[in-house]
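Working notes, beginning with the structure itself.
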Amino acid sequence: MRRLPVLAMFLMLASMLVVSASADALTASSPLTLLGDQGVANMPVTYPAGVAEASSFTAATSGSARLASFYVVGHARSSRLVVGLYADRGGRPGHLLTSASDSRLKPGKWNTLNLGSAATVAQGKRYWLALLADGGALKLRGNRQGTRGFIASASTLAKLPKTWSSTHRASVRSASAYVIGTPEHSTLQSRQTPQNTVAPKISGLAVQGQTLTAAAGTWTHSPTSYAYQWQDCDSTGGVCFNISGATHSTYVLASGDLNDTIRVVVTATNSGGSQSATSAPTTPVSAASGSTPVLLLGNPAVEATHDNDSAGAAEAFKFTVTTAGSATGGWMYVDTTSTATGLTIGLYADNGGQPGGLLASGSTSTPISGAWNAATFTTPATLAAGSTYWIGVLGTGGTIAFRDASSTSMCSENSGQTSLSALPGSWTRGATWNSCSLSAFVTGTAQPGAVSPPTTTPTTTPTTTPTTTPTTTPPPPAVPVNTTLPAITGTTVQGDALTTSNGSWSNTPTSYTYQWQDCDASGANCTNIAGAVASSHVLGNSDVGNTVRAVVTASNTGGPGSATSAATAAITGTTVQGDALTTSNGSWSNSPTSYTYQWQDCDASGASCTSITGATTTSYALTATDVTHTIRAVVTASNAGGPGSATSAATAAVTSPSSSGSVPCALTHAAGADGTNSCWATHTGVQNGTGFTVAQILAGQSTLK
C-alpha cells in the first residue's frame, strides 16, 4: 500500500520525534544552506548499485556541515543511500570530509541524513557531494547544467573511498542535493537568501486566450518581493525559452504558444539576495473552440507532492462541481515514475461522504509519464452544480504515479481491493486519507444557463498527446512506429557536426523532432543536451569524453513515437598545436560581477601545473611549448565580498601538427594561375596540401587556394 492510514501515520510520526531530535536542535540554531541545489530537477537519474558518483558545488556560505539532503524518486527494496562530502583537489573530488548512510528511504521526498561528523566549509570554495547506492539501485533527480561529476572506477563499492582516486567522468552534471549546517558567527541572518521549499504552481487550463495564474510557492527567510518569468517549452517541458514581456503573476496564452507547454520561473528576493524556483509545465496549449468542453470539476494544477498506487488498487478523490453539465471525459497528470501500462478514470456519485455508484468511466492503454492523460467516458454523466462527486483512478500493469496535496480533512479513499482490472461499479470502502486535491479534472458540456468558471480558471480543455485526447469520429490514426533506427553520420571530434537520419517509420509521420543526448563511454546514463534539437549537432567542449546519440520523434495526428540511434564513439577534443581552446565561466552563486582567467600547462596526468605567462583571456591558442602537456583553465569570479576560484578538468595531451594527420588540398580549392588546383600555407616548408589539420584550416592558420 502506498501510504499508512491516518491513525497509523500519526503513531509513526510520534515515534519519529526522537529520531529527528538532532535535526530539530539544528533548526533551533538557525541553520543555513551551505552548498547544493534545493530545487527538484525534472531529469530522473538512475544510480546503479555499487557505483559512487560525485557532483561539484560551490559553498555559498562558510559554516559547519551537519546534514545532507537528497531528493529520492524511487529505490529498490534493499537500497541503502550512502552520502559523503569531499574536498576539491584540482577540479575533482579529493579527501572525504564526512559521510552518512540511511536505509529508511522515502520515495518522492527529500531524504535528510545526519552527517557522522561536522565538516567546515569555506564560502566560495568548491566541494563534492558524493552518493552511493548500496544493495540496490536508486532513482534521484539531476540537472543538465553545471560541471560534469566523477564516477568511482569500482562497481561493487559498499562504502565511499576515503580518498577519491578515479578520474572517470559521469554523465550527470549535478544531483538535486544540498548540505545545511551551522553558519560561522560572522554570517548574519540578514544575508540568508530565500530558499524554496514548495515549488511554484500554475492554475488554469492551457487554452489559447485563457489566463494562467502563478502561485509563488513556499520560501524560507521571508522574501520581500517576487519576480515572474513565463517560459514556452517543448511538448515534454524539457527545452524552454523566456517569453518576452511575460513577467507578471498571470499570463494570457497567445497563438504563439500553441502546442507548447508553459512553465513559470519565480525569483524570490530579500536583503540577502535572490533565488529562483520553477513550476511543473502545463499541458500543451490548444486552440480555443466553441465545441471544446468546459471544466466541470477537479484540479487542473500540477501539485508538488508525489504519490502512487500499486497496480490493481483503485483510489477516489472528492471534488465539488464548479459548472453544471454533462461530463464526457476525465484527465489526470501521470508522474514520471509511473510504470502502469493502463489507466482508467471514473466518476462516482457521493454516498454519505464516500464514493457510491460509478456514473461514468473511460480508459487509455498508453498512459504517458510526465504529462496530462485523458480518457473519454463511454457514457456521459449529468453533474449538478455545487454537488459532491468523486474522481476514481486505477492503474493496471504497473504502479500508477500521480500528484496530490495535503488537506485537513478526509478527501480520498482506497477501494479496499488490490487486484482490480476495471473500476468497480459499486465502491467498497477502504482506508481513507487526507490527500487531495488530486491533479485531475473532469470536462464536458455546460448546462444551458450554467455559470462559466472565472477567467483565471479557463473554460476549455487542453490538448495533450493525441493518443490520449478525447475525440469524436473519426478516430485518430495509429501513432508512428519505427522500423529502421535513426543513424548518425559525421566525425566524433570537437567542433565537427554530426547529423542524424530520421530512420524508417510506419503510419505516415507528418513531422519529425530531434533531441541529442550526451552519454557515458559505454553509451548509457544519457542526458538531453540543452538546445540540441535540430537534425545536426556541432560537438562542443562539454561533449568531449562522452558518447552522443540522437532521439528522433515522429508524429502524426494520432500522436508521437520515438526511436533512438546507436551511440557514437567517444568524442575527442581538438588539442593540436595551433588550435584555440575556450573556457566557459561555469556556474556561481552570490552574483559575481567580474571574471578573470589563467591558463595552465600540466603534465600528461593533469598534475604539476604551472601558469602560462600572458594567457589570461577566455581563449588560448596552443603553442609548440604545450606539445605533450595537458591544459587547464582557472576561472576567478569576484564580487564586492571578494574572489573565488574554480579550475576546469585538464584536456587531452597536446599533439603537434605533424602527428595529427592531414587533409588533402582538394578540401577547398580554386584554380591556380596555371589552371591547375594548387594550395599553399603560411607555415614555412608546408606546401601542396600536406601537413594541414582540419582544425588548423578552419581556424585560419593555413590558407587553401
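The values are calculated or read from the model by the stated rules, or taken from the named source; none is laboratory data. This one's a predicted model, so the numbers in the text were calculated from it and none came from an experiment. Cβ: placed from backbone, ideal geometry, glycine included. Neighbour counts: every protein chain shown. Surface accessibility is based on the protein's heavy atoms, side chains included, excluding ligands, DNA and RNA. Shrake-Rupley method; radii C 1.70, N 1.55, O 1.52, S 1.80 Å.
Sub-7 Å Cβ pairs linking a first residue in region 39-68 that is closer than 22 Å to Asn114 by Cβ and aromatic (Phe, Trp, Tyr) to a second residue that is open to solvent by 10 Å² or more (accessible area, probe 1.4 Å) and not in a strand (DSSP E or B), at least 6 apart or interchain, are Tyr47/Ala137, ordered by first then second residue.
Would it be correct to say that Gly397 is under 30 Å from Lys109 (Cβ atoms) and either surrounded by fewer than 17 Cβ atoms within 10 Å (Cβ to Cβ) or touching a Pro at 6+ places or on another chain (Cβ under 9 Å) (or both)? Considered against the rule, which asks whether it is under 30 Å from Lys109 (Cβ atoms) and either surrounded by fewer than 17 Cβ atoms within 10 Å (Cβ to Cβ) or touching a Pro at 6+ places or on another chain (Cβ under 9 Å) (or both), Gly397 comes out as yes. For region 562-610, residues that are on the phi > 0 side of the Ramachandran plot and either open to solvent by 80 Å² or more (accessible area, probe 1.4 Å) or touching a Ser or Thr at 6+ places or on another chain (Cβ under 6 Å) (or both) total 3. As for region 278-299, it holds at least one residue that is touching a residue at least 12 places away in the same chain (Cβ under 8 Å), closer than 17 Å to Ser412 by Cβ and open to solvent by 10 Å² or more (accessible area, probe 1.4 Å).
If we keep just the residues of region 491-507 that are more than 30 Å from Ala170 (Cβ to Cβ) and at pLDDT 85 or above, which is nearest to the chain's Cα centre (by Cα)? Only one residue fits best here, namely Asn502.
Would you confirm, using the coordinates I've provided, whether Thr455 is at pLDDT below 90, more than 29 Å from the chain's Cα centre (by Cα) and buried (at least 22 other Cβ atoms within 10 Å of the Cβ)? Answer is no for this residue. Among the residues of region 69-103, those identified as open to solvent by 20 Å² or more (accessible area, probe 1.4 Å), part of a strand (DSSP E or B) and of a type in the set (S, T, N, Q) are Ser99, Ser101.
Would region 300-310 turn up any residue that is modelled with pLDDT under 85, touching a Ser or Thr at 6+ places or on another chain (Cβ under 6 Å) and open to solvent by 10 Å² or more (accessible area, probe 1.4 Å)? Looking through region 300-310, at least one residue is modelled with pLDDT under 85, touching a Ser or Thr at 6+ places or on another chain (Cβ under 6 Å) and open to solvent by 10 Å² or more (accessible area, probe 1.4 Å). Under the condition of being of a type in the set (Gly, Ala, Ser) and under 12 Å from Gly36 (Cα atoms), the residues counted in region 56-96 number 6. Here the condition is being farther than 15 Å from Ala177 by Cα, within 24 Å of the chain's Cα centre (by Cα) and not in a strand (DSSP E or B); of Gly136, Gly124, it holds for Gly136 alone. Taking region 570-619 as the range and being over 30 Å from Gly490 (Cβ atoms) and within 27 Å of the chain's Cα centre (by Cα) as the test, the residues that pass are Trp588, Ser589, Asn590, Ser591, Pro592. Which members of region 235-257 meet the condition of being surrounded by 15 or more Cβ atoms within 10 Å (Cβ to Cβ) and either in contact with a Cys (Cβ under 7 Å, 6 or more places away or on another chain) or at pLDDT below 85 (or both)? If the condition is that a residue be surrounded by 15 or more Cβ atoms within 10 Å (Cβ to Cβ) and either in contact with a Cys (Cβ under 7 Å, 6 or more places away or on another chain) or at pLDDT below 85 (or both), then Ser235, Thr236, Gly237, Gly238, Val239, Cys240 are the ones that fit. Scanning region 407-430 for residues that are small (Gly, Ala, Ser), outside any loop (DSSP other than H, G, I, E, B) and open to solvent by less than 20 Å² (accessible area, probe 1.4 Å) turns up just one, Ser412. For region 151-187, name all the residues that are touching a strand residue (DSSP E or B) at 6+ places or on another chain (Cβ under 6 Å), at pLDDT below 85 and in a loop (DSSP other than H, G, I, E, B). Correct list: Ala152, His168, Ala170, Ser171, Val172, Arg173, Ser176, Glu184. Sort out which residues of region 541-567 are assigned to a loop (DSSP other than H, G, I, E, B) and either under 26 Å from Ser56 (Cβ atoms) or among the charged types (D, E, K, R) (or both), and write them in order of number. Passing the criteria: Val544, Gly545, Asn546, Ala567. Looking for something within 27 Å of Asp234 (Cβ to Cβ) and either under 29 Å from the mean Cα position of the chain (by Cα) or hydroxyl-bearing (Ser, Thr, Tyr) (or both) - is there at least one such residue anywhere in region 356-364? Checking region 356-364: at least one residue is within 27 Å of Asp234 (Cβ to Cβ) and either under 29 Å from the mean Cα position of the chain (by Cα) or hydroxyl-bearing (Ser, Thr, Tyr) (or both).
Tyr620 passes every criterion in (1) assigned to a strand (DSSP E or B); (2) at pLDDT 90 or above; (3) out of contact with any Gly (no Cβ under 6 Å at 6 or more places or on another chain) apart from (2).
Just wondering, is there one or more residues in region 587-598 that are at pLDDT below 85 and under 24 Å from Gly149 (Cα atoms)? Within region 587-598, one or more residues are at pLDDT below 85 and under 24 Å from Gly149 (Cα atoms). Considering region 188-290, the qualifying strands (runs of 3 or more DSSP E), each wholly inside and each with 1 or more residues that are of a type in the set (Gly, Ala, Ser), run over 201-203, 211-215, 225-233, 261-270, 273-278.
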